[in-house]
């Protein structure tokens, strides 16, 4: 079910004219709404993601967003980083959904306490209604 939900969120956010390679805030916001709708205690986190190459050297750092659910973290919009021309080719990270203490060594996620996701018209008015209908049909119904 996790994979189906992540894929549904990714498909909607990928409707952006530039794809989803720079859409982590929208991805996290939409995933957060979905998890709250499914009655999970989710919250989006805005902060800095630091990605490391295969040797363990810092390769890329940028403003990023992810979702927390209890002791788990969901860093799901990273499989498309290769599409972003600013991200060095040595950055090769896979999406992660698991315990915060088990975050892979290829990344560090540092939240900025008190920073909220900005509102987004596409997310609120287009993608969320579509995703909510999909959830109610495919996951709840």
When you go through 71, 53 one by one, which is the residue that is surrounded by fewer than 16 Cβ atoms within 10 Å (Cβ to Cβ), in contact with a strand residue (DSSP E or B) (Cβ under 7 Å, 6 or more places away or on another chain) and at pLDDT below 95? 53
Criterion first (within 17 Å of residue 3 (Cα to Cα) and in contact with a helix residue (DSSP H, G or I) (Cβ under 6 Å, 6 or more places away or on another chain)) does residue 93 satisfy it? no
For residue 48, are the conditions met, namely being over 18 Å from residue 4 (Cβ atoms) and part of a strand (DSSP E or B)? yes
May I ask you to list the residues in region 36-61 that are within 18 Å of the chain's Cα centre (by Cα), farther than 18 Å from residue 116 by Cβ and free of Cβ contacts under 8 Å to residues at least 24 places away in the same chain? 61
Of the residues that sit in region 108-123 and are at pLDDT 95 or above and surrounded by 14 or more Cβ atoms within 10 Å (Cβ to Cβ), which one is nearest to the chain's Cα centre (by Cα)? 109
If a residue must be in a loop (DSSP other than H, G, I, E, B) and within 10 Å of the chain's Cα centre (by Cα), how many such residues does region 80-106 contain? 1
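The values are calculated or read from the model by the stated rules, or taken from the named source; none is laboratory data. These numbers come from a predicted model, not from an experiment. In this analysis, Cβ positions are derived from the backbone assuming ideal geometry, glycine residues included, and neighbour counts consider all displayed protein chains.
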